[in-house]
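**Student:** Next up is a structure, given as structure tokens.
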Amino acid sequence: MQINVSSLNAHNNWMANNATNIANVNTKDYKAINTVLKDDTSNSVTASATKSNSGTNLTKDLTNQIPIKVGFDANIKAIKIQEETVGSILNILV
């Protein structure tokens, strides 16, 4: 479940960075934030953010909302299944 929670946090950071880019689409000299999700050997997912050399790419940031939503949905579903499985095991043991 730890990896799902860390992935939810990473997707939240990615969404926040995209929202910042979209909010600054018309801001002069604004440098967009690029976000990459990475998994590591400690069963966690992190969001790595860097400033780009250009402004907001509105098409990219708007379409990125699709994989962000899919990531949220998949991790929430995985957490619910894990909770149901643990509940079933506890019911069997009782």
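**Student:** Could you give every pair whose Cβ atoms fall below 8 Å, whose first residue belongs to region 26-39 and is closer than 22 Å to N12 by Cβ, and whose second residue is of a type in the set (D, E, K, R) and part of a strand (DSSP E or B), counting only separations of at least 6 or pairs across chains?
**Tutor:** Sorted first by the residue in region 26-39, then by its partner, the pairs are K31/K51; A32/K51; I33/K51; N34/K51.
**Student:** Of the residues that sit in region 51-77 and are surrounded by 15 or more Cβ atoms within 10 Å (Cβ to Cβ) and over 14 Å from the mean Cα position of the chain (by Cα), which one is farthest from T27 (Cα to Cα)?
**Tutor:** Looking at the filtered set, the residue picked out is N57.
Read-outs throughout are calculated quantities, based only on the coordinates presented, and are distinct from any laboratory measurement. Everything numeric here is computed off the predicted structure, so don't read it as measured data. Cβ atoms come from the backbone with ideal geometry, glycine included; neighbour counts cover every protein chain shown.
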